[in-house]
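Peer 1: One structure is given below, represented as structure tokens, and several questions about it will come after.
Computed from the coordinates by the stated procedures, all read-outs in this text should not be read as laboratory data. Small disclaimer: the values here were computed from a predicted structure and weren't measured. Note that each Cβ is placed from the backbone with ideal geometry, even for glycine, and that neighbours are counted across all protein chains shown.
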Amino acid sequence: MKKNLVRIAFGLALALVFLGHSARFYQIPLLNTLDAFAYDARLRLTTPGGVDQRIVILDIDEKSLAEQGRWPWSRDKMAALVSQLFDRYGVVLLGFDVVFAEADGSSGLASLEAIASGELKGDAAFLSALKGLRGPLNYDQRFADALRNRPVVLGYYFSSVNGAHQSGALPAAAVPAAAFAGREIDFTRWRGYGGNLPEFQRSAVNAGHFNPLVDFDGVARRVPMLVEHEGQYYESLSLAMARLLLGKAPLKPGYPDADSGGMEWLELAPVGGRALRIPVDDQVASLIPYRGAQGSFAYLSAADVLSGRLALEALKGKIVLLGTTAPGLMDLRATPVGSAYPGVEIHANLLAGILDGDIKQKPSYVVGADALLLLLCALLLACSLPVLSPMRASLLALTLLSGVVGLNLWLWSSGLVMPVAAVVSAILCVYAFNMSWGYFVETRSKRQFAELFGQYVPPELVDEMARDPERYSMEGKNEELTVLFSDVRGFTSISEGLDPKELTRLMNAYLGAMTAVVQKNRGTLDKYIGDAIMAFWGAPVANPDHARQAVLTALEMQSELRRLDEPFKARGWPPLQIGVGISSGTMTVGDMGSPVRKSYTVMGDAVNLGARLEGITKQYGVGIIVSEATRALVGDIVYRELDRVRVKGKGEPVAIFEPLGSEVSDAERDELTLWHQALRLYREQDWDQAELLLDQLSRLSAQRVLYQIYAQRIIHYRANPPESAWDGVTTLATK
């Protein structure tokens, strides 16, 4: 874990960048864009579709403008339209997505009044006629009369642009200011407004603003249910219509905490009816529950209503929203379900959502939940990825990513909107960082290890070392290791019998096969010395089985050499014989040499002994000799003790052994028992008995040189008895 601290720290630092965004300490525009994209995608995937039959949009479309003239229409025409809707077609509620902010002078009444005050001031007949015309020609009054005592909700707008003005009349505040006392609520605040003429506002039951909130990308996803203007709180058009439809239901703010905290819902509590909760966010805005693309509500032409061409059942018992889709009237909005979406249908969607209770929630606590989820995922990834393999790391990241997305979709289906971009981006970035680190940093470390150790140790050991590179170096140190030396016997005569190219091919085939055996048994190849091979076990990767694997390597080298006999013979090459010496003990291992050339090698008495043992294999007529220390470390191999020798340059005698393998036949075991008895008698100077056993052994294995050596020694010692202090040790005069 220690070697991964830097990597973990960088991963956590990267996650903290996203955590700051999630916790609202600052905002990253790209993440906001991704969250908006994710919200729109979820919305489009889950829209219910179909047409809501309860609400009808009365459209001032191109057909209406062609038949009735350009907008705005005269107020007498609007009065006739309202009367048609209620008296002829029997609608239950009418809402206007237009504002009537200016007086209508199209009737000519103002001109007649001016004449009556001027040149015809005293004309009794004219004044009498004018008196009779004032009612019919006062279009504004006719429209106000048409609104009176009918379930009509007017629309108006707020504005905060520079130089925002205030015109017309506002309705009464929807909620008294005292309802929000002591609470910090981030209401949308407006400076100016454009209301309806006072007489219209007095005649209508209520009015609501038709301002959707436009997000940073120009898309309308929310409508503020309540907005603040000069300390008073006003409701939206859809909310005002819902309240009127529910019998002027009182509006109550909803708080999760009785003492503090922001508002999370508005409650409509009709007398004797089921209370409706409208979820709101920290700006007291509701997400628009779009049913689908444009056309989720029936569109009827206003011209058809005025002319009476519609069948009565087309509007009877319906909720009607009057708006416009005609080009040039500028009531098209960018929405998640359409780039040019009629504003009037936004309010229809929201009204339907209020009545159905299916508006998504986005309360303030989702900020904390999103930050907590991001922190947990980031901590898990930052601490886990550095210690996992690429496959396991990818699996963990994919599992977390799937879990986060799945949780988000499940919450969405449950009506809760959670941000997703920050936590998904954090997972992807922390994963990408760790994979990049693994590729650029750890791969470089592996390349460095391959460059340093690849020529010495097998690839699997390089991979093992690269997982924890701090544990390994080429600096010198003392370790208990096992060294192996091998040499081709009679190489000089072999080389003289082959031309250089053939000799090169032979040596490449031989050294390649022997090196493969060394590396198969996790050995470190030290060097080639002409036809000789030097290898050792236990470094740079610690290996408690170093002696055993060295002995097994020697046995396999002899077997592999016999396998090469046939292909060598087929190519006209002579069969090879090798001697192998193995020694275990404390050695100095490290990168040694001069500034010009260095080598990762071993030095020490145990190394020198290994070289000496390889040199005397021919003398004893065996293929492998191991030291006493090696034999003591590998107890599951059957050995033949050869001698106790004092090699040149070393005063202390050592016992030497020939390893036979892990299993031997009964005949071999009997021969081995007989040999060890003969050796014991030899050391006890019982020449006669030892000679008898050696003679018996020679008949069993006439080709074994060892028995002949000891028979010659007995002849020598009979003629030249050893000193009384003789310990049976053979002193070797040569290397």
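Peer 1: I need the phi-derived Karplus couplings for segment 560-570: 6.51 cos²θ - 1.76 cosθ + 1.60, θ = phi - 60°, integer Hz, Gly and Pro marked x.
Peer 2: 4, 5, 5, 5, 6, 4, 5, x, 5, 4, 5
Peer 1: Per-residue counts of other Cβ atoms within 10 Å, averaged by peptide: what ranking do you get for 227-235, 571-579, highest first?
Peer 2: Highest to lowest by the protection proxy: 227-235, 571-579.
Peer 1: While we're on this one: With 10 angstrom as the radius, rank R243, R70, R505 by how many other C-beta atoms surround their C-beta, starting from the fewest.
Peer 2: Working: R243 23, R70 10, R505 13.
Listing R243, R70, R505 from fewest to most nearby Cβ atoms yields R70, R505, R243.
Peer 1: If you don't mind, there's one more thing I want to ask. Which cross-chain or sequence-distant (5 or more) residues have an amide H under 5 Å from the amide H of A334, H modelled 1.01 Å from N in plane?
Peer 2: Sorted by chain and number, the residues that satisfy this are A220, Y341.
Peer 1: Where nothing but the Cβ of Lys and Arg (+1) and of Asp and Glu (-1) is charged, how large is the charge dipole of the chain around its Cα centre, in debye to the nearest 20?
Peer 2: Numbers: 72 positive and 80 negative charges, 182 e Å.
That gives the chain a dipole magnitude of about 880 debye.
Peer 1: Using modelled backbone amide H atoms (1.01 Å from N, in-plane), which distant-in-sequence or interchain residues come within less than 5 Å of A207's amide H?
Peer 2: For A207, the qualifying residues are L154.
Peer 1: Using a 10 Å cut-off on Cβ atoms, rank the peptides 406-418, 341-353 from the highest mean neighbour count down. Intermediate results must be reported in sequence, preceding the final value.
Peer 2: Working: 406-418: 15.2, 341-353: 25.2.
Averaged packing, sorted descending, gives the order 341-353, 406-418.
Peer 1: Further question on the same structure: Would you mind ranking S307, S425, S627 so that the residue whose beta carbon has the fewest other beta carbons within 10 Å leads the list? Each step should come with its number before you reach the end.
Peer 2: On the way: S307 12, S425 21, S627 26.
The fewest-first ordering by Cβ neighbours comes to S307, S425, S627.
Peer 1: Label points 7 Å out from Cα along the Cβ direction at A702 and L407: separation in nm?
Peer 2: 8.6
Peer 1: State the antiparallel share, in %, of DSSP beta bridges confined to the chain, rounding to the nearest 5.
Peer 2: Numbers: 62 of 94 bridges.
Antiparallel bridges: around 65 percent, rounded to the nearest 5.
Peer 1: So, one more: Points 7 angstrom from Cα along the Cβ direction at W687 and S414: gap in nanometres?
Peer 2: 10.0
Peer 1: With +1 on each Lys and Arg Cβ and -1 on each Asp and Glu Cβ, and nothing else charged, work out how big the dipole of segment 664-735 is about its Cα centre, in Debye to the nearest 20. Write out the running numbers ahead of the final one.
Peer 2: Details: 8 positive and 11 negative charges, 63 e Å.
The calculation lands at about 300 debye.
Peer 1: With +1 on each Lys and Arg Cβ and -1 on each Asp and Glu Cβ, how big is the dipole of segment 474-661 about its Cα centre, in debye rounded to the nearest 20? Intermediate results must be reported in sequence, preceding the final value.
Peer 2: Working: 22 positive and 23 negative charges, 51 e Å.
Here the size comes out at about 240 debye.
Peer 1: Just order 173-183, 34-44, 481-491 by mean Cβ neighbour count inside 10 Å, highest at the front, would you?
Peer 2: Working: 173-183: 12.9, 34-44: 17.1, 481-491: 23.4.
Descending mean neighbour count gives 481-491, 34-44, 173-183.
Peer 1: Using a Förster distance of 45 Å, how high is the FRET efficiency between A570 and T673, based on the Cβ-Cβ distance and rounded to 0.05? All intermediate terms of the calculation are to be shown ahead of the outcome.
Peer 2: Numbers: r = 41 Å, r/R0 = 0.91.
With a Förster radius of 45 Å, E is 0.65.
Peer 1: Distance in nm between label sites at S159 and T33, each 7 Å beyond Cα in the beta-carbon direction?
Peer 2: 3.1
Peer 1: Segment 504-543 to segment 353-405: how many Å between their Cα centroids?
Peer 2: Going from one Cα centre to the other spans 52 Å.
Peer 1: Additional query: Around A293, what is the net charge, scoring Lys/Arg as +1 and Asp/Glu as -1 over all other residues with Cβ under 15 Å from its Cβ?
Peer 2: Computed value for this residue: 0.
Peer 1: Then there is this: Within a 10 angstrom radius of the beta carbon, how do M592, M514 rank from fewest other beta carbons to most? Show your work: numbers first, answer last.
Peer 2: Values: M592 14, M514 25.
Ranking M592, M514 by Cβ neighbours within 10 Å, fewest first, gives M592, M514.
Peer 1: Then there is this: Could you tell me the center-to-center distance, by alpha carbons, between segment 654-720 and segment 249-311 in angstrom?
Peer 2: Their Cα centres are 108 Å away from one another.
Peer 1: How much of the pair distance distribution for segment 664-735 lies past 15 Å, counting alpha-carbon pairs only, in percent?
Peer 2: Details: 1415 of 2556 pairs.
Roughly 55 percent, rounded to a whole number.
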